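Colleague: Have a look at the structure that comes next, please.
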C-alpha cells in the first residue's frame, strides 16, 4: 500500500527497550473537584484549564501551587473545542460553526477566522478529539484544510494572529485522498528553532521542515506496530471508524523537551475489539509505549507503558527533564516520567 | 370479477413492501439489545413503544437540533433515548419540552458507545420490523414523514 512515505528506511527497525520512573506528581484537586471535563494547555511553563461545564479558564502555576481564574467565557451557545491564551487575548476555536474567535481583556469578541475563508476544520466529537490551537511563535492556529469535497489534499496553512494565512508548507500525503484514518488523519506537530516537525499517526516517519522548505524524513518506528498502518475507505460507517480506533495501533502526539534535547513520541498499541461478551474494549485502555529520540531524531529506545494507568492524550514538557503525563486517577494529576 | 379481487391484494402487497423498504436493515440487533438491557436494566422486548429515537447529544449538532425540533413539533408514538450529557441551554430547554410528551430515558454515561450499534448520529429504530433504522440526518426526515 502506498502511504506516501519511504517505507524502506523504517522497516525491521530494532531499538533498545527502555524503562521509566515516575519522579514527581502534581495534583490539581481544586480544579478537578468541580470540573466534569477539562481541556489542558501548557502556556509559558504553567498549565491552563478550560472547564467545559462552567466556561472558566484557569491558570495553574506549579511553582507556587496557585490557581487563578484568567477568563470566564460564555458557553450557553456551545463549548469551544480548544483555546489558547496570549498575554492580552484568549483565542477560542469552535467546530460548529467553524470559527476562531479572539477575545480581548475588555471582553470584546472578534471572529478572526471562519469556514467562509475557504479552510475546513474537521472534528470527531464522539471520540473526544480536539481541534488544536498551537502557539507556533506568532502563529496561533493549526487550522488547515485536510481535503476539499473531492478529497483533493491540500498543503498546511498556518494563520497569523490576524487570521490571515502566513504561509503554507508540506503537501499532505496523497494517501489521504484514498483513505481516511480516524483520529490520526491530522498530524501531531512541534515548532521550535524555525523548524516544523510533523508526525502522522499512520506513518512511522516524521517530516522536518525549515519554515516552508522540506529538510528530511526520519524514522521513528515503534517495535510494537507494523511498518504500514492501513486506513479505511471514505465511506466507512460510524461503527467501522469507531472499531478502527479500538483495534488499531498507531502513533499519537510528539513532544519536545528543550532542556534535554529529546523528542517523545506516543504509540497506541493494537488490542482486541472485545474482551468478553458484547461490550467493546475502551478505545484507549490497552498498552502503549513512548519512543524516545535525540536532538538529531535518532531513536534512543522505546518504553512500554502499563495499560489503563495514564491518559496519554494529556502530556506536556517543561524545563524539567522527562515527559509529564496525566494519570487516570479521579483527581487531575500529572506525573513526571523519566526514561532510561 | 377476478381482477377486482386481485387488485386490492396487489396494492396491499406493494404498500407493505414499500413501508418495509423505507428504513435500512439494522445489523447490530443483538448488540443493541445487550446495550439496552445493561444500561436500563430492562429487556427491550418488554417496552411498549415500537419506535425508539436514539439521540447521541454530542453528535452532529444540526442533526440533533433538527431531531429535537421534529419531536417537539410532532407527537410520535416513540420512546426517546438521550445518550451523553449536554450543558447547552438550547438543548436542555428542548429536552424539557420533549419530556412532557414522550417517555424518555437518559444514558448519561454514553454506554451506547461501549457496544457495536453504529449510532453515531440520531437514529430512529423500528423494533417490530426486524429492527429497521433511519439515520436522522437533515435529508432523512422526508422518509420519516412517510413512515410515521
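The values are calculated or read from the model by the stated rules, or taken from the named source; none is laboratory data. Remember, it's a predicted structure, so these values are computed and weren't measured experimentally. Please note: Cβ atoms are built from the backbone with ideal geometry, for glycine as well, and neighbour counts cover all protein chains shown.
Colleague: Identify, please: which residue in region B:71-90 is in a helix (DSSP H, G or I) and out of contact with any helix residue (DSSP H, G or I) (no Cβ under 6 Å at 6 or more places or on another chain) and is, among those, farthest from residue B:138 (Cα to Cα)?
Modeller: Ranking the qualifying residues of region B:71-90, first place goes to B:89.
Colleague: Continuing with this model, one more query. Output the number of residues of region B:45-57 satisfying the condition of being more than 11 Å from the chain's Cα centre (by Cα) and surrounded by fewer than 18 Cβ atoms within 10 Å (Cβ to Cβ).
Modeller: Counting residues in region B:45-57 that are more than 11 Å from the chain's Cα centre (by Cα) and surrounded by fewer than 18 Cβ atoms within 10 Å (Cβ to Cβ) gives 4.
Colleague: Now a separate question. For region A:222-238, which positions are within 14 Å of chain B (Cβ to nearest Cβ), touching a residue at least 12 places away in the same chain (Cβ under 8 Å) and in a loop (DSSP other than H, G, I, E, B)?
Modeller: Matches in region A:222-238: A:236 only.
Residues checked against (1) within 14 Å of another protein chain (Cβ to nearest Cβ); (2) under 14 Å from the mean Cα position of the chain (by Cα):
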position: B:70; (1), (2): no, yes
position: B:78; (1), (2): no, yes
position: B:91; (1), (2): yes, no
position: B:99; (1), (2): no, no
position: B:115; (1), (2): yes, no
position: B:136; (1), (2): yes, yes
position: B:141; (1), (2): no, yes
position: B:147; (1), (2): no, yes
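Colleague: Looking only at residues in region A:282-305 that are surrounded by fewer than 17 Cβ atoms within 10 Å (Cβ to Cβ) and within 13 Å of chain B (Cβ to nearest Cβ), which one is nearest to the chain's Cα centre (by Cα)?
Modeller: The extreme case among them is A:285.
Colleague: Inspect region B:46-58 for any residue being within 30 Å of residue A:275 (Cα to Cα) and without any contact (Cβ under 8 Å) to a residue 12 or more places away in the chain and give the result as yes or no.
Modeller: Yes, there is a match, as at least one residue in region B:46-58 is within 30 Å of residue A:275 (Cα to Cα) and without any contact (Cβ under 8 Å) to a residue 12 or more places away in the chain.
Yes/no matrix, rows are residues, columns are (1) without any contact (Cβ under 8 Å) to a residue 12 or more places away in the chain; (2) part of a strand (DSSP E or B):
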residue: A:253; (1), (2): no, yes
residue: A:296; (1), (2): yes, no
residue: A:315; (1), (2): no, yes
residue: A:321; (1), (2): no, no
residue: A:326; (1), (2): no, yes
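Colleague: Of the conditions (1) buried (at least 20 other Cβ atoms within 10 Å of the Cβ); (2) modelled with pLDDT under 95; (3) touching a helix residue (DSSP H, G or I) at 6+ places or on another chain (Cβ under 6 Å), residue B:68 satisfies every one except a single condition; which number is it?
Modeller: The number of the failed condition is (2).
Colleague: Something else about it: Within region A:206-236, track down each residue that is surrounded by 20 or more Cβ atoms within 10 Å (Cβ to Cβ), closer than 24 Å to residue A:294 by Cα and modelled with pLDDT of 90 or more.
Modeller: Listed by number, the residues that qualify are A:206, A:218, A:219, A:220, A:221, A:222.
Colleague: Looking at region B:91-140, which of its residues are assigned to a helix (DSSP H, G or I) and crowded, with 16+ Cβ neighbours inside 10 Å?
Modeller: B:91, B:94, B:95, B:98, B:111, B:112, B:113, B:114, B:140, listed by residue number.
Colleague: Right, here's the next one. May I ask you to list the residues in region A:187-205 that are crowded, with 21+ Cβ neighbours inside 10 Å and in a loop (DSSP other than H, G, I, E, B)?
Modeller: Within region A:187-205, A:187, A:200, A:201, A:202, A:203, A:204 qualify.
Colleague: Right, another one. Before we move on, is residue A:289 in a loop (DSSP other than H, G, I, E, B) and closer than 25 Å to residue A:15 by Cα?
Modeller: no
Colleague: Here are the criteria: (1) surrounded by fewer than 17 Cβ atoms within 10 Å (Cβ to Cβ); (2) at pLDDT 70 or above; (3) out of contact with any helix residue (DSSP H, G or I) (no Cβ under 7 Å at 6 or more places or on another chain). Tell me which single one residue A:57 does not satisfy.
Modeller: Unmet for residue A:57, out of (1) surrounded by fewer than 17 Cβ atoms within 10 Å (Cβ to Cβ); (2) at pLDDT 70 or above; (3) out of contact with any helix residue (DSSP H, G or I) (no Cβ under 7 Å at 6 or more places or on another chain): (1).
Colleague: Follow-up question, since we're still on this one. Residue under question is residue A:266, and the condition is that it be part of a strand (DSSP E or B) and either touching a helix residue (DSSP H, G or I) at 6+ places or on another chain (Cβ under 6 Å) or surrounded by 21 or more Cβ atoms within 10 Å (Cβ to Cβ) (or both); does it hold?
Modeller: Judged against the criteria, residue A:266 is a match.
Colleague: For region A:271-280, does any single residue satisfy the condition of being in contact (Cβ under 8 Å) with a residue 40 or more places away in the chain and away from every other protein chain (no Cβ under 14 Å)?
Modeller: no
Colleague: Please go through region B:46-68 and give me each residue that is in a strand (DSSP E or B) and either within 14 Å of chain A (Cβ to nearest Cβ) or farther than 14 Å from residue B:144 by Cα (or both), ordered by number.
Modeller: Passing the criteria: B:54, B:55, B:56.
Colleague: Kindly provide the set of residues from region A:42-54 that are at pLDDT 65 or above and away from chain B (no Cβ under 14 Å), ordered by number.
Modeller: Passing the criteria: A:46, A:47, A:48, A:49.
Colleague: Then there's this: Please enumerate the residues belonging to region A:174-188 that are at pLDDT 75 or above and under 21 Å from the mean Cα position of the chain (by Cα).
Modeller: A:175, A:176, A:179, A:180, A:181, A:182, A:183, A:184, A:185, A:187, A:188 - these are the residues of region A:174-188 that are at pLDDT 75 or above and under 21 Å from the mean Cα position of the chain (by Cα).
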